[in-house]
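Input: a single structure, listed below in structure tokens.
Bear in mind that the values in this text are calculations on the coordinates, not laboratory data. Computed from a prediction, not measured in an experiment: that's the story for all the values here. Methodologically, a virtual Cβ is constructed for each residue, glycine included, from the backbone with ideal geometry; neighbour enumeration extends over all protein chains shown.
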Ligand code: SF4
């Protein structure tokens with residue numbers, strides 16, 4: 001992990017935001033890509049949001065990328081220097097208690113506890129606490145306990161003893177007290193671990209009341225111009241993928257559309273006069289709280305509309321890397337084997 005032992009708040013912050021909801025193996029290449037494109041927070045603040053989103057493409061949860069960019073601009077209003085304490089770090093876009101604690105302790109040595117999934121698991125098991133870790137009551141209890149355990153003082157090679165402790169407890173959760181098959185037999189705390197002594201290790205930590213999922217059906221229309229450009233539309237606020245580009249769409253919550261309904265919905269494109277190239281078998285795309293069922297239709301226009309509605313744009317196929325597109329669109333565009341399914 002290239003950010004290990006890092007003391008630069010910009011680099012720590014970058015790694016923390018990238019690693020939220022991302023595996024280390026995948027996050028590492030993005031971390032290096034971002035550092036190469038934006039070596040300092042000043043470079044990141046100067047970038048266009050569309051460039052940041054394009055670089056982020058493939059990581060998902062795009063609000064993180066937008067917040068990354070916004071926070072860089074906030075830092076510029078502070079003279080280009082990161083806030084140097086937990087409370088002020090919390091004011092940055094996208095920086096929650098976990099990231100603020102990580103930056104404050106690893107960069108500045110502030111004795112504040114980090115509380116991520118690993119720490120919740122270790123504390124809930126070691127102290128045998130069944131308060132739900134995804135509810136306010138659990139948050140309060142674990143935050144108080146975690147904070148009481150953070151040491152003061154110094155530690156060689158770290159910004160402080162607190163920084164060393166935070167790193168150690170997270171590593172311990174990731175490697176020894178793991179979600180499945182924790183290594184209790186060789187654990188150095190097995191003599192004093194409460195959950196091990198009462199047999200509750202497997203049921204901790206407790207999570208309550210999962211959020212209900214919802215289904216959405218997307219009929220995407222991939223429209224090509226007479227000169228081979230692709231029609232894309234920037235997604236607006238208040239829904240998934242804000243700021244990314246996808247195709248013209250007809251959405252439903254209970255099933256895919258028929259071709260006549262699709263062509264009527266997009267009558268400004270005069271699809272009835274266009275060449276219909278075919279459709280593809282539907283795919284399922286799973287997001288955190290939604291299941292998307294996605295079907296693609298492809299048309300080639302005989303005449304392009306003179307004026308495009310707001311948000312639409314023609315993009316040359318070779319310039320697609322200039323905008324961010326959702327993963328499901330990227331896969332569709334990249335997977336040439338699926339083109340065989342077109343019947344036109
Ligand atoms: S004994 Fe098992 S459950 Fe307890 S802290 Fe060690 S690894 Fe975790």
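Mean-square fluctuation check for the chain, GNM, Cα pairs under 10 Å: which of 266, 55, 244 is largest? Between 266, 55, 244, it is 266 that shows the largest mean-square fluctuation. Under a 10 Å cutoff between Cα atoms, tell me which one of 46, 264, 306 has the largest fluctuation in the Gaussian network model of the chain. Taking springs between Cα atoms under 10 Å, the residue moving most is 306. Full extension of the chain between residue 183 and residue 42 yields a length gain of 46.3 nm, computed as 0.36 nm times the residue separation minus the alpha carbon distance. The helix-only estimate of mean residue ellipticity at 222 nm for the chain, built from DSSP H runs of length n ≥ 4 each weighted as -39500 (n - 2.57), is -11000 deg cm²/dmol after division by the residue total.
One Cα centroid belongs to the stretch 107-156, the other to the stretch 1-73; the line between them spans 25 Å. Under the simplified labelling scheme, the residue 208-residue 331 pair shows an inter-label distance of 3.5 nm, with each label point 7 Å from Cα along Cα→Cβ.
Restricting things to Cα coordinates, could you compute the convex hull volume per residue of the stretch 234-295 in Å³? Write out the running numbers ahead of the final one.
Working: hull volume 7.0 nm³, N = 62.
In the stretch 234-295, the Cα convex hull volume per residue is 113 Å³.
Given their separation in residues at 0.36 nm each and the Cα-Cα distance between them, residue 200 and residue 33 gain 55.9 nm when the chain is fully extended. Helix 9-19 and the long axis of the chain differ in direction by around 60°, with both axes built from C-alpha atoms. Within the chain, the proportion of C-alpha pairs whose separation exceeds 28 Å stands at 54%. Taking the longest Cα principal axis of the chain as reference, the axis of helix 117-126 is set at about 40 degrees. Once the Cα atoms are used to define both axes, helix 97-108 deviates from the longest principal axis of the chain by about 60 degrees. Per residue, the convex hull spanned by the Cα atoms of the stretch 40-178 amounts to 133 cubic angstrom.
Averaged across orientations, what area in nm² does the convex hull of the alpha carbons in the stretch 281-340 project? The partial results should precede the final answer.
Working: hull surface 23.7 nm².
Value for the stretch 281-340: 5.9 nm².
Here the translational diffusion coefficient of the stretch 185-344 follows from Stokes-Einstein with Rh set to the Kirkwood radius across Cα pairs; for 10 °C and 1.306 mPa s it amounts to 86 µm²/s. Highest GNM mean-square fluctuation among 208, 251, 51, for the chain modelled with Cα contacts below 10 Å: 208. Spin-label model, residue 63/residue 277: points 7 Å from Cα along the beta carbon direction are separated by 3.5 nm.
What the Cβ-Cβ distance of residue 192 and residue 264 gives, at R0 = 45 Å and to the nearest 0.05, is a FRET efficiency of 0.05. Taking 0.36 nm per residue of separation and subtracting the Cα-Cα distance, full extension of the segment from residue 225 to residue 308 would add 28.6 nm.
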